[in-house]
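**Student:** The following block contains the structure, expressed as C-alpha cells.
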Amino acid sequence: MVVDDGERVRGLLIDFDHAIKTDKSRLAIAERTGTLPFMSICNLQNSKVQRSELDDWESILYIVCWLGVHGVNRDEQVAYQQEIDAMCKDDEYYKPPLAKWEAGTFDDVAITKKNDLEDDESFNDCVLQYFQEGAAYDELKAMARSLRLALFENPELSLLYSGVSVIRDIPDKPASRKGAKVLGKSVKAIEKG
C-alpha cells in the first residue's frame, strides 16, 4: 500500500506472515501465495525450486510496473481507470495494459509475464510504453528496466535463480542466497551506467 499525504509518499509492506529468516535453512513452500499480478513466475508455475529473496525482487519489479501503468496516487489511478473504461466501452476487444497479469490461470499469467519480460523490445512494447507521463514515472521506468536486467539478463543469476531459468528454459536449479547479493551488485552497476 502506498499513501501520498501531499508532503511525502509512504509505503506499507504486508504479508509478513509468510516471511522467513534467511539466515536459517528454509523449506520450499508447497502452496502458492501472493496476489496474482505480483507473483514471481516460479511461484505461478509452482516450481519445485525453493523460493528466495529473488522471488521478492521479482515481485517488486511487478509492483513498480503496476504503479507505473496504473498511477501512484489515487487521483491518477481513478483517471487511468476512467480512461480504460472509456476505451473498453468503445472497443469490446480492447485489453488494458497488464490485464493478462491479473486474469486467467496461474500458468496463463506466468506465460504472459515470460513473454512480456523476454527481452528489452518485448518489455518496452508490452509494459514500459504504457507508463504514465512525467519525471517521477521516468524514474520508475528506469528502475523497472534495471530490475528486469538484473533479474532476467544477469549471467551470474542464470545459474542461481529459477526465474531466469524459466525465461531462458534452463532446467530448475537450486536457488542460492548468494543470488540476492549478486542482484544488489548488478542493480548498482546498472544504475552507475
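The values are calculated or read from the model by the stated rules, or taken from the named source; none is laboratory data. Everything quoted here is computed from the prediction, not taken from an experiment. Glycine also receives a Cβ, built like all others from the backbone with ideal geometry; neighbour counts cover every protein chain displayed. Heads up: the accessible areas ignore ligands, DNA and RNA and are worked out on the full protein's heavy atoms, side chains in. Shrake-Rupley method; radii C 1.70, N 1.55, O 1.52, S 1.80 Å.
**Student:** The conditions are (1) on the phi > 0 side of the Ramachandran plot; (2) at pLDDT 90 or above, and residue 104 fails exactly one of them. Which is it?
**Tutor:** Answer for residue 104: the failing condition is (2).
**Student:** When only residues in region 89-107 that are open to solvent by 60 Å² or more (accessible area, probe 1.4 Å) and in a helix (DSSP H, G or I) count, which is nearest to residue 61 (Cα to Cα)?
**Tutor:** Looking at residues that are open to solvent by 60 Å² or more (accessible area, probe 1.4 Å) and in a helix (DSSP H, G or I), I get 100.
**Student:** Residues to consider are 136, 79, 110, 86; find the one that is touching a residue at least 24 places away in the same chain (Cβ under 8 Å) and surrounded by fewer than 17 Cβ atoms within 10 Å (Cβ to Cβ).
**Tutor:** 136
**Student:** OK, next. Quick check on region 32-46. Is at least one of its residues open to solvent by 40 Å² or more (accessible area, probe 1.4 Å) and at pLDDT below 75?
**Tutor:** Yes, some residue in region 32-46 is open to solvent by 40 Å² or more (accessible area, probe 1.4 Å) and at pLDDT below 75.
**Student:** Also, I was wondering about something else. What is the number of the single condition among (1) under 30 Å from residue 7 (Cα atoms); (2) touching an Asp or Glu at 6+ places or on another chain (Cβ under 9 Å) that residue 129 does not meet?
**Tutor:** Going through (1) under 30 Å from residue 7 (Cα atoms); (2) touching an Asp or Glu at 6+ places or on another chain (Cβ under 9 Å) one by one, residue 129 breaks only (2).
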